[in-house]
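Chemist: Before I ask anything, here is the structure I am working with.
Every read-out reported here was derived from the displayed coordinates using simple, explicitly stated rules and does not represent laboratory data. Small disclaimer: the values here were computed from a predicted structure and weren't measured. Note: ideal-geometry Cβ built from the backbone for every residue, glycine included; neighbour counts use all protein chains shown.
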């Protein structure tokens, strides 16, 4: 009889444990996909047939796991790591390619200007909101490797939304990244170096 009396309690404990595991496992690894925002672009931008080569994009964040892109504090008793199935440099490259295409910049490996990038920060924190912060270091060189411009840009974005939603993570990381690109292209020194109008 004692064993039978314990079984409902045991069943309840197992239910609680399995529910907790489901909750903690809700933040599945993300398929990072860049979503271009049509309302976010450089000011007074007239590329006039400008060409640019995209050089190396490296992950310079100080993280033990390079696939870590954030933290969820919205579920479970302790923070849950947010991981990506997409390497961060691949996402930044995808974002840069898409943004340059929208801004009428021709991306060509034969271009006279080469843009390299280091990812300094790429992070999303989910509490009550999804909040993303992105920081990038850019180096613009000529074909001979001479540095024409170097500088850092950073920007952010946040939104409300369904907890642990891949769509919301992608939204804030995409817009934070695109805003950082806009900051770069709005920089007068960068524009002068890019167009050769020193």
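Chemist: Roughly how tilted is helix 166-186, in degrees to the nearest 10 and between 0 and 90, from the longest Cα axis of the chain?
Modeler: Compared with the principal axis, the helix lies near 20 degrees.
Chemist: Report the paramagnetic label zone for residue 160: residues of the stretch 56-85 whose backbone N is under 19 Å from a point 7 Å from Cα along the Cα-to-Cβ axis.
Modeler: Inside the label zone: 73-75.
Chemist: Given R₀ = 41 Å, what would the calculated FRET efficiency be for residue 188 paired with residue 98, taking r from the Cβ atoms and rounding to 0.05?
Modeler: According to the calculation, E is roughly 0.95.
Chemist: Order these peptides, 157-166, 140-149, 94-103, by their mean beta-carbon neighbour count within 10 angstrom, highest first. Mind dumping the intermediate values first?
Modeler: Numbers: 157-166: 15.1, 140-149: 13.4, 94-103: 17.7.
For the peptides 157-166, 140-149, 94-103, the packing ranking is 94-103, 157-166, 140-149.
Chemist: Right, here's the next one. With the Cα gyration tensor of the stretch 21-115 in hand, convert its eigenvalues to equivalent ellipsoid semi-axes via √(5λ) and list them largest first in whole Å.
Modeler: 35, 16, 10
Chemist: To the nearest 0.05, how large is the calculated FRET efficiency for residue 128 and residue 28 if R₀ is 22 Å and r is the Cβ-Cβ distance?
Modeler: 0.60
Chemist: Taking the 0 to 90 degree range and rounding to the nearest ten, how far is the long axis of helix 88-102 tilted relative to the main principal axis of the chain, both from C-alpha atoms?
Modeler: Taking Cα atoms only, the helix is inclined about 50 degrees.
Chemist: Here is a further query. Percent of alpha carbon pairs in the stretch 101-190 separated by more than 18 Å?
Modeler: For the stretch 101-190, the share of Cα pairs beyond 18 Å comes to 52 percent.
Chemist: Taking Cα atoms, how many degrees apart are the long axis of helix 2-24 and the longest axis of the chain, rounded to 10 and kept between 0 and 90?
Modeler: Tilt relative to the chain: about 10 degrees.
Chemist: If packing is taken as the average number of other Cβ atoms within 10 Å across a peptide's residues, how do 114-126, 184-196 rank, most packed first?
Modeler: Highest-to-lowest ranking by the protection proxy: 114-126, 184-196.
Chemist: Percent relative contact order of the stretch 29-195, based on C-alpha pairs within less than 8 angstrom and at least six residues apart?
Modeler: After rounding, I find 27 percent.
Chemist: Suppose R0 equals 41 Å; then what is the FRET efficiency for residue 144 and residue 78 from their Cβ-Cβ distance, rounded to the nearest 0.05? Kindly include the intermediate steps, with their values, before the conclusion.
Modeler: Numbers: r = 52 Å, r/R0 = 1.27.
After rounding to 0.05, the efficiency reads 0.20.
Chemist: At q = 0.15, 0.16, 0.17 Å⁻¹, what log₁₀ I(q)/I(0) does the chain have when each alpha carbon counts as one equal point scatterer in the Debye sum?
Modeler: Log10 I(q)/I(0), no solvent term: -0.89, -0.98, -1.07.
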